1. Can you give the helix-only mean residue ellipticity at 222 nm for the chain, where every DSSP H stretch with n ≥ 4 adds -39500 (n - 2.57) and the sum goes over all residues, rounded to the nearest 500 deg cm²/dmol?
2. Determine how large the accessible area of residue 450 is when every protein chain is in place; take a 1.4 Å probe and give Å² rounded to the nearest 10.
3. How far, in nm, would the chain grow between residue 9 and residue 420 when pulled straight, counting 0.36 nm per residue and subtracting the alpha carbon separation?
4. How far apart, in nanometres, would the label points at residue 61 and residue 481 be if each is projected 7 angstrom from Cα along the Cα-to-Cβ direction?
5. Rounded to two decimals, what is the ratio between the C-alpha radius of gyration of the range 164-299 and 2.2 N^0.38 Å?
6. How high is the FRET efficiency between residue 157 and residue 137 when r is their beta carbon distance and R₀ equals 30 Å, given to the nearest 0.05?
7. Rounded to the nearest 10 Å², what accessible area does residue 375 show when all protein chains are kept and the probe is 1.4 Å?
8. Taking θ = phi - 60°, what integer Hz values does the Karplus form 6.51 cos²θ - 1.76 cosθ + 1.60 yield along the range 317-332, in sequence order, with x for Gly and Pro?
Amino acid sequence: MTNSQIPPCAIGDRIECGNSFGTIRYVGPIDGKPSIWLGIEWDEPERGKHDGNVNGIQYFTAKNPKSGSFVRPEKVNFGRSAIASIESRYGQVEDEFTTRINQQKQLLVQQTMNAPFLEMVGFDKVFNKQSNLNTLRIVNLRDQNVKSAGPQFKLSQTCPNIEELDISKNLLVSWEDVLVMCDQLPHLHWLNVSENLLTLPESLGDRKFPNVKTLICGAMELNWTDVCEIARIFHGLEEFRAPHNKIESLSPPRGIFNNLQLLDIEGNKIQYWSEVCKLSAAPVLEQLILENTGLSSIEFEGNERKVPMFRTLKKLCIVNNLLSEWRSIGELNRLENLDHLKISKNPVTETERPDTTYQIIIAKIANLKILNGVEIEPGERRGAEYDYIKKYGLEWLKVKGTEWESEFLRSHNRYLELIHKYGEPEESELTMKATVIQNSLIELNIVYEDFVVHKKMPPTITIQKLMVLTQKIFSLSERPQLTYVSNADSQIEIPLKDEMKEIGAYSIQNGDKILVKSCS
């Protein structure tokens, strides 16, 4: 390919090369090589060789030290239009039956034109192709190097009946490219634009797409301001999925999300439950997915038995977070209509055997009907609640009527309710001493420079989770290095490198130290 044959490209365009995606940051010669080169900033931070600086010349500036490269244009895929991709993928279907039908159509046209000698070369294929595209309802263009809608109005003329469109992981640059497609698809109600790095135009005018009910925007580096702006455009959304973006703080979605029933913000580092509570402004929200958002506690303000927020919320997913106290689980009982809960891979759920954990959660949340995808039978609930009374019976009898009673009831949110339901336990009934949850935790001294934090941890917490937790405790910018030091023998120092291992595998005891060292 000569320079004259290179497709037009501009700084900011997206490209694909060798199954990697990047953005053009420079077009032109480089020192000692006068022909045209493209300076690419790769999406993968370690994909390149430099940050745009070569031999002391700063051609462009990449975000990461090794995410930049220079590539010859002929090695790069500059992409194609959506309509070209659709015609390529969906416009070549022709079976034997269809061929016979089109041969009959060809004969009919010949007779109508009174030209039996006329050979209609390719007529049947063209007719079939257009017919197939016109009836398309579901279109999947994921990873097809789509960069634009195509010629003006061509999409609406060729396949106007598309209802579901997947254009994820392509070479689109702006939301304007997406909206041009939406303009031409009046029946569109499901749209996936994930894994495209799109800019929002400064002005969108009054363009609205109320027919789009489901929008998926995963891994697009969106913040909450971006999410709100997108929601104003697609103001009829009932399901909005924005996992693995850069959402850290939230604001009440007033005036938007009026019809939203499901919100998925998995993998965004929200961290604080007070931020999550701002979402209660969505008036009909039924399902909230908060998996892997860094939550370490759940706590509502006030002392009401039921909180005046999230009144329509029925389903909640808090899998793979940093919840370490049962009190956080008890707070969920204050949600008026919560009946579906997914909770696993949290430190608190690893303090007991799986069956015991299951019973404790059931006992703490009265309205729960489905836990981790399993329906709770009425008999199962009765057994869980009665066993909960017995498990903590001796502790209750010990603190009852003392200054410690209120603290016990804060940790065991439904205990008085369960006593009223099943009767108070008698000491003679409790033949086995209750195993207090805290006894199964390990007391650790977590040390960073001159700071020492005392923390109780379950032996089943992984090194990975401990790293994330210490990073948050000491507000470190990067994930730290951890070393285990025995309290009994300070000569025993073991680097904790295997992130998938549980700390119990190192025989860690009460009083032992975890040394925290910043990687930077």
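1. On the way: 14 runs with 130 residues, N = 520.
Theoretical 222 nm ellipticity from helices: -7000 deg cm²/dmol.
2. So the heavy atoms of residue 450 present about 150 Å² to solvent.
3. Details: separation 411, 0.36 × 411 = 147.96 nm, distance 7.35 nm.
Stretched fully, the residue 9-residue 420 segment lengthens by 140.6 nm.
4. 3.1
5. Numbers: Rg = 14.4 Å, N = 136, 2.2 N^0.38 = 14.2 Å.
That ratio works out to 1.01.
6. Efficiency, from the Cβ-Cβ distance: 0.95.
7. Rounded to the nearest 10, the figure is 120 Å².
8. Here the 3J(HN,Hα) series is 10, 10, 5, 6, 10, 10, 5, 10, 10, 5, 4, 4, 5, x, 4, 5 Hz.
The values are calculated or read from the model by the stated rules, or taken from the named source; none is laboratory data. Predicted, not measured: the structure shown is a model, and the values here were computed from it. Counting neighbours? That spans all protein chains shown, and the Cβs are built from the backbone with ideal geometry, glycine included. Heads up: the accessible areas ignore ligands, DNA and RNA and are worked out on the full protein's heavy atoms, side chains in. Shrake-Rupley method; radii C 1.70, N 1.55, O 1.52, S 1.80 Å.
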